[in-house]
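These notes concern the structure reproduced below.
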């Protein structure tokens, strides 16, 4: 049985993409076709109103009826395969330069469909003119010839005509776009409604170079001062010119990667011309951009960015020198008070700022310099000397005694750790009384940071999650929790979240001989706000411990300490129980504690320091406290007062 492939309505319009919807792209493609036909001039008639006739006529080499059928009527015609990369030039056009063809896959020739479902092609060669009327179709053919005639005719060329039924644009706009998309070439002239269009030229050349980013791709880079020629900022940026035709619209970004900050003064004045004949195979059919799978574009972007930034720094030297002198002169009195090393660092700081942003506003440079100057003053002891002159008598005695016994750096390390632990305790105390708190993202991380509360053996950074422990969790908790309740995040692979609680495991590893094994496990189960711990909860924790021990962690069977933390404990529930095969073979224990008990234990382990310096922590905002401890912004403003619901 034979099967027939058919075409849906509008197939060809979808095939030629933006060529079928944008008038400027369609006319650009027809001009490019004329260029590829070896034309020395193109004459365009473009109407002001809908219903008028659009025509694009060239004096290129033309086509015979056989060539038209083979080239024009073949979808996705591979021009390079059948005709080679270079243009066939008519002998009487007297063109001195060899041309590289713009076209690659034959989609641009149907640009007439942008304006109407029917268009006409007249092409003459070898003293015969062939006229074809083509119409958009479906079924067996996406487009078909509905009329063909031939007559005797001298010369060579091609003319495409179409009635402007849709997508008509302003004539002035069209002229500006066309003039910017083709580079000036005295051997290729474009006329619109009888007037010669001045094609783009490279004004004000500043600097040139050539790059070879990869393989056989060579690109000529030219920085030009386009301020006098460009009418809009759209013409600034990196402009890729391939064989004299502009690719897409100039931009300081290439496929989303920034080459240069387009907001800077430099970017609004200069344009980087990137010319190459080696990139035709890597662009979209409608010349809208490079192909998305063109992997070498990253290397090209990197080298172009490097060249642009070097030009930027070179052209900004005078402005940089003036800005530096102004800022340093404004602060010369303060600078004289600093040591030579500090002065040198500030000079280097200004140089670094201006190197990164030569056109930085002087006000912003002043602010940055003042901040750096204050830091240097503090580092140089000026700020410290000022504080010492205003110190209270009792503080002076305490400071003197302190400095007799302590190295300041060591003391700062210890004080910072104590301060962090007091803040964790303060945060737990405040948040545990709020039943709306998100245990997973707020309370659970805080309590894990307070592992030292559960015993001195847990006061070590060596407690962590590991692959074996995560595998054990999957085995143990899949009985009680659904698969989606296990967190898949790489940051929290060791926690599972249920309806009324969240459970986490961390392990302490030690070397046993040559192997590192998990020897102890800390299990923390937080019950949601307001939850009372009963027998069921402690029994469940006991089962967790038993299951973890029997499952093991890799090849080891560690000792497991489990803590169930809740708002209150039922009088009938056991607060502590040992777990094991016998009195002499015990492998775990379960503790039931309240949040308040946990806070009191923490304060006791800190020798009640918090009570002696209560005022230091009372005025810290809840969100500020969480931001510091969790190192991430909180989602909601918490209305919590210290020690209150």
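The values are calculated or read from the model by the stated rules, or taken from the named source; none is laboratory data. All of these numbers come straight from a predicted model, not from anything done at the bench. For neighbour counting, all protein chains shown are included, and Cβ atoms are generated from backbone atoms with ideal geometry for every residue, glycine included.
List of remarks:
- If you go through region 250-281 and keep only what is surrounded by fewer than 18 Cβ atoms within 10 Å (Cβ to Cβ) and within 26 Å of residue 12 (Cβ to Cβ), you end up with just 281.
- Some residue of region 563-573 being under 24 Å from residue 517 (Cβ atoms) and either touching a residue at least 12 places away in the same chain (Cβ under 8 Å) or surrounded by 18 or more Cβ atoms within 10 Å (Cβ to Cβ) (or both): yes
- If only residues of region 48-66 that are touching a helix residue (DSSP H, G or I) at 6+ places or on another chain (Cβ under 9 Å) and over 21 Å from residue 181 (Cβ atoms) are counted, the one that is surrounded by the fewest Cβ atoms within 10 Å (Cβ to Cβ) is 48.
- Filter result for the condition that a residue is within 45 Å of the chain's Cα centre (by Cα), in a strand (DSSP E or B) and in the same structural domain as residue 36 (by TED's automatic domain parsing), over 160, 172, 133: 160
- Restricting attention to region 329-361, the residues being in contact with a helix residue (DSSP H, G or I) (Cβ under 6 Å, 6 or more places away or on another chain), under 30 Å from residue 262 (Cα atoms) and either at pLDDT below 80 or not in a helix (DSSP H, G or I) (or both) number 2.
- The set of residues from region 294-327 being out of contact with any helix residue (DSSP H, G or I) (no Cβ under 8 Å at 6 or more places or on another chain), surrounded by 14 or more Cβ atoms within 10 Å (Cβ to Cβ) and at pLDDT below 90 comprises 309, 311, 319.
- Annotation: residue 138 fulfils all but one of (1) over 42 Å from the mean Cα position of the chain (by Cα); (2) surrounded by 13 or more Cβ atoms within 10 Å (Cβ to Cβ); (3) within 25 Å of residue 62 (Cβ to Cβ); the unmet one is (3).
Yes/no matrix, rows are residues, columns are (1) surrounded by fewer than 22 Cβ atoms within 10 Å (Cβ to Cβ); (2) modelled with pLDDT of 80 or more; (3) more than 44 Å from the chain's Cα centre (by Cα); (4) within 13 Å of residue 559 (Cβ to Cβ):
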site: 508; (1), (2), (3), (4): yes, no, no, yes
site: 516; (1), (2), (3), (4): yes, no, no, no
site: 520; (1), (2), (3), (4): yes, yes, no, yes
site: 528; (1), (2), (3), (4): yes, no, no, no
site: 536; (1), (2), (3), (4): yes, yes, yes, no
site: 542; (1), (2), (3), (4): yes, yes, yes, no
site: 545; (1), (2), (3), (4): no, yes, yes, yes
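- Test: residue in region 35-46 that is crowded, with 20+ Cβ neighbours inside 10 Å, in contact with a strand residue (DSSP E or B) (Cβ under 7 Å, 6 or more places away or on another chain) and farther than 25 Å from residue 173 by Cα: yes
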